[in-house]
Amino acid sequence: MTKYRTLLLATVGFNFSFLIWFSFAPFTGPMADEFGLSLAEIGILASAAIWLAPFGRILTGWLSDKFGAPVVFAIVLAYVGVFSIWSAFAESYTVFFITRLIVATAGITFVIGIQHVSEWFEEEELGTAEGIYAGIGNAGAAGGALVLPRVFSSGWSGPLFDVSWRAAFFYTGVVSILLAVVYYVFGEAAKSTEKRQATKDSATAKEWLFTATRYGTVVLALAYVMTFGLELSMNGWLATYYREGFNTQNLVLASTFAATFSIAAGLLRPIGGYVSDVVARTETNILPFFTGRYREQWTFVALCFVVVAMFGMTLAGLSGEVMLAVGIGFLVGMGCAFAEGAIFAQVPAMFPNSSGAVAGVVGGIGTVGGIVYPLVYSAPFLPNLHVGYFVVAVSMIPILLLASWVFQPHVAKRATDDGFVTQRESVVSADD
C-alpha cells in the first residue's frame, strides 16, 4: 500500500539525514588534532550543528504543507549532499565550519517527514506511525556512531582520501544526493487530492501565526526543547564526554558508549507514540489530576522521567563508573524517546490540516536545546564535565510546571483555540 511505502521512504530518508547530521561526532578527536581545536571549541562545533535548525524546520514545515513533502525533502537531501562533499575537501577550518553548518540542516527533514506521514495515516494510527518514522529515523545517529568510525577507521586508505573523516563526509554526501532522486521519483504528497488541497489551503501566513501561538503548540514546543533538544545535544556530545570524562581514549569504544543513548532515543520512540494511541483509544487515565486528557497524561509522565534521569546522569558521572554512566545515559535516551513519541502523537491529532506548520514550530523550537545544552556541558566555569547534566535538569523544571498547567482538562480542551493571539480575525493583517 502507498501509505506504507510513504512511511518507508520517509523513514529511510530521515534516518540517513540524522546519520549525516551527526557524522562529525565520531571524528571530533581527529578533527580537533588536524584543526587544533580545544574542548570548548568542540562544544561550539556540536552546538553549531543545530544553529540553523530552528528557522529551517519552521520554514520547511510550512513549505511541506504548501508544496508537498517529496519536493521539499528532495531539495534538502540534494544540497546537504553537495555541501557534505565540499566539506571533505576543506583545507581551512573556516571553510570546514561553514560547510558543516549547512550540512547540519539535514535535521530539518524531520518535520518534512512528519507532515508526509500525517498526510497518509488516520488519527488512530498517527502516534504509532509517527513514532516508527521518527524513532527509526533518529536511530540514524546511532548508525553513524557505530558504523562510520568502523568503516572509516583512523587507518583508512582508499579512493580520493587517506584521512578517515574526509572520506566519511564525501561518501555520505554522495548517498544523500542519490536519496534525493529516489524521494522525488517515488514520493506522493497525500492520500487523496482532497487531503492535499485542504493542507495546501491551510498553508497561509494567517493560519500559521494562529496555530503557532496556541497554548498547545507552545507547551509542546518547549517540551520538545527538553527532549529532542536534549537528544541532539547528547548525540553530538556523548562521544566526547565518555572520552574526556572517563579517560576513554579509544575512539571506537567511546563512540559505541555514545551509541547506546542514540539507540534508546531512536528505536524506543515508537513505543511512546504507541502508548499515546492506546491510552487515547482506551480512554485510560494514568494521572487522575489530568482526567480525560489521555495523551497529555502520558506525555507528562515521560517528561518527568527525563528530568529524573538527567539528575541520575550527574550522579553516575561523579561516581567515576563509566558503565553506570552509560546505563543511565540509556535511560535518558529512553525517556526522550517516550516523550518525543507522545509529543508527536499529539501534534497531527491536534492540527490535522496544519501538521507541517505545527510540526515545524514544535520541531524548530525544540532544536534550541541542542544549541544551548552542549555549551552547558562544556562550560569552563563548571567544576567538571559531569555537573552540566544537573544544570540542564534544573532548567527543565519550569517547562514541567507550564505543562502541568496547560494539560489541566479545562485548559487542555481549549489549547488549540486559545493562545497568545486570541482571534483569527486579529491576524488577518499577516496576509495583507
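The values are calculated or read from the model by the stated rules, or taken from the named source; none is laboratory data. Values in this document were obtained by computation on a predicted structure and should not be read as measured data. Methodologically, a virtual Cβ is constructed for each residue, glycine included, from the backbone with ideal geometry; neighbour enumeration extends over all protein chains shown. Each accessible area value is taken on the protein alone, full model and side chains, heavy atoms only, with ligands, DNA and RNA left out. Shrake-Rupley method; radii C 1.70, N 1.55, O 1.52, S 1.80 Å.
Among the protein heavy atoms of the chain, carbon and sulfur supply 68% of the accessible surface, probe 1.4 Å, non-protein parts ignored. Near Gly68, no amide H atom lies under 5 Å from its own; only residues 5 or more places off or on other chains count, and H is placed 1.01 Å from N. For the range 1-110, averaging the sequence separation of C-alpha pairs within contact (under 8 Å, six or more residues apart) and dividing by the residue count gives a relative contact order of 40 percent.
Distance between the 7 Å Cα→Cβ label points at Ala40 and Ile102: 3.0 nm. In the chain, helices alone account for a calculated mean residue ellipticity at 222 nm of -24500 deg cm²/dmol, with every DSSP H run of four or more residues adding -39,500 (n - 2.57).
The mean sequence distance of close C-alpha pairs (under 8 Å, at least 6 residues apart), as a share of the length of the chain, puts its relative contact order at 27 percent. Remark: the chain carries 37 Å² of accessible area per residue (probe radius 1.4 Å; ligands, DNA and RNA excluded). Accessible area per residue (1.4 Å probe, heavy atoms of protein chains only) ranks Leu232, Leu146 as Leu146, Leu232, with the largest value leading. Enter the angle in degrees (range 0 to 90, nearest 10) between the Cα long axis of helix 53-67 and the first principal axis of the Cα atoms of the chain, meaning the one along which they spread out most. Value to nearest ten degrees: 50. Legend: residues Lys413, Lys200, sorted from most to least accessible area (1.4 Å probe; ligands, DNA and RNA excluded), read Lys413, Lys200. Highest mean packing comes first when the peptides 119-132, 177-190 are listed by Cβ atoms within 10 Å, giving 119-132, 177-190.
Angle of helix 2-21 to the longest C-alpha principal axis of the chain, folded into 0 to 90 degrees and rounded to 10: 40°.
The listed residues Arg214, Arg150 rank as Arg150, Arg214 when sorted by accessible area, largest first, using a 1.4 Å probe. Counting only heavy atoms of the protein chains and using a 1.4 Å probe, Ser404 has close to 40 Å² of accessible surface. With a sphere of radius 14 Å drawn around the Cβ of Gly187, what net charge do the other residues whose Cβ falls strictly inside it have (Lys, Arg +1; Asp, Glu -1)? Neighbour charge sum, excluding Gly187 itself: +2. Summing +1 for each Lys or Arg and -1 for each Asp or Glu among the other residues whose beta-carbon sits under 11 angstrom from that of Leu303 gives -2. Summing Cβ point charges (Lys, Arg +1; Asp, Glu -1) relative to the Cα centre of the chain gives a dipole of roughly 200 debye. Were the residues from Phe381 through Val185 laid out at 0.36 nm apart, the gain over their Cα-Cα distance would be 65.4 nm.
Against the main long axis of the alpha-carbon atoms of the chain, helix 69-88 sits at an angle near 10°. Scalar couplings 3J(HN,Hα) for the range 396-402, obtained by applying the Karplus form with A = 6.51, B = -1.76, C = 1.60 to θ = phi - 60°, are 7, 4, x, 5, 4, 5, 5 Hz; x denotes Gly and Pro. For the range 271-289 versus the range 198-215, the inter-centroid distance based on Cα atoms is 28 Å.
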